[in-house]
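Notes to accompany the following structure.
Coordinate-derived values only; no laboratory data. These figures come from a predicted structure and were not determined experimentally.
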Amino acid sequence: MVVGDAAFMNKPFSGEGVTSAFAACAIAADVAAEALRRDDLTRDVLWPYNARYFRDQGAKFAFLTALMPALVSLSPDEIDFLYSVPGVFSEEGTRALNLEYELRSDPSETLKALPALLKGAAAGKLRPASISRMARMAVAAGAIRKLYESYPEHPADFGAWIKKAIPLWKKADAERHAYFQRVLREYS
């Protein structure tokens with residue numbers, strides 16, 4: 001069994017490697033203890049380690065990894081504006097992001113924020129390209145998270161799962177690539 005940065009995705013911006021390793025170790029300890037109790041250390045018996053990790057923390061990391069290009073491409077003024085709109089960004093949500101690896105939002109609060117977001121966009125506080133990018137990446141990130149939450153129970157199903165994951169990650173990677181191309185153009 002492998003744990004830590006060598007084993008799983010981590011958001012690369014705030015040092016969660018140790019925290020994710022501890023979460024993985026807790027799962028690994030449970031799964032390994034059961035395998036040792038059964039005196040069976042085969043891949044099939046150890047596979048629940050993968051499934052439990054990726055269905056929870058791994059799904060959250062995958063979502064954030066896919067969404068991050070849209071978020072980091074926001075200007076400082078756009079970020080300030082989004083923090084000023086109740087139901088979009090909040091200090092509590094940012095704290096949850098760093099402690100629980102989850103970008104939390106209340107759909108009803110987000111809907112209530114729509115008029116303020118539209119006013120802000122009309123006033124130039126939020127660029128149309130930013131809105132479009134966040135919407136596209138949120139859809140892709142949501143699909144990726146849902147796929148990870150249904151990570152296969154058995155290694156025999158992993159190949160079929162990968163075939164579903166590849167097109168979703170290609171879509172997310174295309175946006176990430178476009179973001180870095182924009183950054184390189186700006187600074188070259």
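Structure notes:
- DSSP H segments from the chain that extend 18 Å or more along their own axis, Cα-based, with Kyte-Doolittle mean of -0.5 or above: 17-38, 57-72, 107-122, 128-149
- Our compactness index for the range 120-188, the C-alpha radius of gyration over the empirical 2.2 N^0.38 Å, is 1.49.
- Straight Cα distances below 21 angstrom link K60 to the lysines K11, K146, K163, K164, K170, K171, with same-chain residues fewer than 8 positions distant left out.
- Kirkwood estimate for the chain, i.e. one over the average of 1/r between Cα atoms, Å: 18.4
- The relative contact order of the range 31-174, computed from alpha carbon pairs under 8 Å that lie at least 6 residues apart in sequence, is 35 percent.
- Residue with peak Gaussian network fluctuation, the chain [Cα springs, cutoff 10 Å], from S108, S150, S75: S108
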